[in-house]
Each structure stands twice: as C-alpha cells, then as structure tokens.
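Here is the structure we will look at.
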Amino acid sequence: MKVTQIDLTGYDKCIAALEKIKEHRMSLGPIVKGEEMYYTLLIQLFQEVRQAWDEGKPFFLYEMSVPNELFVGMGVPAMEYDMICGSMTTLLRAHEAVYGAALKIGVREEICSAQRTPIGILAKGWFPKPAGIVYTNLDQCDNCAQSANIMGQLYDVPTYFLNRPFRWWSERGVQMMIGEFEDAVAFLEERIGRKMDWNKLDEITNDLIEI
C-alpha cells in the first residue's frame, strides 16, 4: 500500500495552468482584488511546497478546520489537502484516474469526493512527500476524521489527529482542546527540529482578532 515512486509532472502542470488562468483573467480587463489575490497566493503556495521539496526542507499537509496559524507560527509551508487535491484533480482533468486510484485501495465511491481526491492523488504519487499530516474531527465529519491515516500509510509519514471534545463549551472541553493544540505543536516541533515561534503565532492571532 506504500507509494514507492513520486511523479510531480502533474503537480508542475497545475502551477503552469494556474499561472495561465491568472494571466488570461488579468488580460480581460479590471479584476476584483480578491480574485487576483486568490490566484497569486495559490500559485505561491504551490511553489513554496515545490521549493521545500526540491531543497529537502519540511512542509505539511493538513485537513480542513485545522488552524493554518500553527504552520505559519512554525515558519513552514503547509497545504490544506482537501482543497489543493481537489484543485489538482480538476486542473488535470484527472477525476477518473484519481477516483480510480482511491477505489483500487478500497475507498468506496460513496465516500465524499473531497476526501477521495487527496487519497487518490497520494495513491498515484502525484504530490511531494510531506514531513507529516495533521487532521481533525473539528468539522465533525467521519470522512475527514478517517482520511489522513490512509494518506500517512501511503506516503509512510506520521500523522497527528487533533481531537475535538464533545462538550467543547465546557471548562473540561476547553482544557482538553488546549492539550490537543499543545500536542499538535509538539508534533510539528519534533518533525521540523525546532521550536514554535510563539511571538509570531501571537502576532498572527492578534491580527485575526483585529480583522
């Protein structure tokens, strides 16, 4: 079940496709600033992960609802695999190949496509190998809570599951959540080999509060 060969041909095609889409959209005339930022930042994220892979530096995959601020505070690139792998599948027009790869290892068709696509992409070996994968049940979706363990096995990388307390509003729930985030930070620190930049994390979260 482990992937032994990684082929980034499709990954690089996605970067080129996004650059062409942005160029074409800009050529049509005035563009909403948010739309321009979307393409610029998405291309930048693809490139940052590609560069990290080329230079042998760590980066991470994470599931929707995992706070991206954790990775920014650690100073490492990270991609939300639900969105990224769905985008790759569409850009490459590879739905049949990706879903077929997921089905081949036992991921049934009735499973949400948002979870089948990242499993299929990794099963094909079309994504750079991350230092680890962080996933969660914060969104209360069983599919999300069971996808990264398969992906971790495919790429032979460790995973961390960010567990959500049932009574999240209670004092006990808050304390549990604090412990979960502390363990998540410890997981990232171990994989990267350096400590969290708490000042940077504090700056990021304060900026969000002001927004």
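The values are calculated or read from the model by the stated rules, or taken from the named source; none is laboratory data. Just so we're clear, the structure is a prediction, and the values are computed from it rather than from any experiment. Positions of Cβ are generated from backbone atoms using ideal geometry, with glycine treated the same way; all protein chains shown enter the neighbour counts. Side chains are part of the model used for accessible areas, which takes the heavy atoms of the whole protein and leaves out ligands, DNA and RNA. Shrake-Rupley method; radii C 1.70, N 1.55, O 1.52, S 1.80 Å.
Loop-only chymotrypsin sites (Phe, Trp or Tyr not before Pro) in region 126-180, please: DSSP not H, G, I, E or B, and at most 13 other Cβ atoms within 10 Å. Here the chymotrypsin sites (Phe, Trp or Tyr not before Pro) that fit, given the DSSP loop and packing criteria, are 166, 168, 169.
One decimal place: the segment residue 8-residue 97 gains 30.5 nm when fully extended, by the rule 0.36 nm per residue minus the C-alpha distance. Using a simple spin-label model with pseudo-atoms 7 Å out from Cα toward Cβ, residue 177 and residue 25 lie 3.3 nm apart. For the chain, relative contact order (Cα pairs under 8 Å, six or more residues apart, normalised by length) works out to 24 percent. Around the amide H of residue 159, modelled in the peptide plane, lie the amide H atoms of 133, all under 5 Å away and 5 or more residues distant in sequence or on another chain. Peptide packing: for 184-194, 18-28, the average count of neighbouring Cβ atoms within 10 Å per residue gives the ranking 184-194, 18-28, highest mean first. The overall shape of region 103-206, judged from the alpha-carbon gyration tensor, is oblate: a/c is not under 1.5, and a/b is no greater than b/c.
Averaged per residue, region 65-211 has 52 square angstrom of accessible surface, using a 1.4 angstrom probe with ligands and nucleic acids left out. As a fraction of the 1.4 Å probe accessible area of region 84-199, surface on carbon and sulfur atoms comes out at 49 percent.
The length gained on full extension between residue 32 and residue 113, counted as 0.36 nm times the residue separation minus their Cα-Cα distance, comes to 26.2 nm. Cysteines in the chain that lack a partner Cβ within the 4.7 Å cut-off: 14, 85, 112. Which entries of 104/129; 20/200; 2/57 have Cα-Cα distances beyond 32 Å here? Violating the 32 Å limit, Cα to Cα: 20/200.
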